[in-house]
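Okay, structure first, notes after.
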Amino acid sequence: MNLSEMALLKECEIRTLHHQGSMKRRLLDLGIMEGARIKPILSGTHEGMRAYLIKGTLIALRKSETDLIDVESV
C-alpha cells in the first residue's frame, strides 16, 4: 500500500521510497526513510495535500509525492 492510501490517524512504517534524485534527497532530509513511522493527520482539499506527523514534526506532502512511498500498517 502507498502512503496516500493510508487512513487518517493510522500509524504506518515506511518500507520503500521509489523517488529518485533531488526529490528523494528532500524526503530523506525530512526524515522520510525506510523504517520510519509516519501518521497522516490532516487532509486538505487543494492539490491532494495531506499533513503527516513524522518524528514529532508535522509536514505537508502532495499526493503525487506520497504515491511513490510504500508503507505497512503497524
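Coordinate-derived values only; no laboratory data. These numbers were taken from a predicted model, which means no experiment stands behind them. Because the Cβ atoms are built from the backbone with ideal geometry, glycine has one as well, and the counts that use them run over all protein chains shown.
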Residue hits (the range 32-71; closer than 18 Å to K10 by Cβ and touching a residue at least 60 places away in the same chain (Cβ under 8 Å)) are T66, D67, I69, D70, V71
For D29, indicate whether it is among the acidic types (D, E) and free of Cβ contacts under 8 Å to residues at least 24 places away in the same chain. yes
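Just to be sure, is T45 among the polar types (S, T, N, Q) and either within 12 Å of D70 (Cα to Cα) or in contact with a Ser or Thr (Cβ under 9 Å, 6 or more places away or on another chain) (or both)?
Taking the combined requirement at face value, the residue does not satisfy it.
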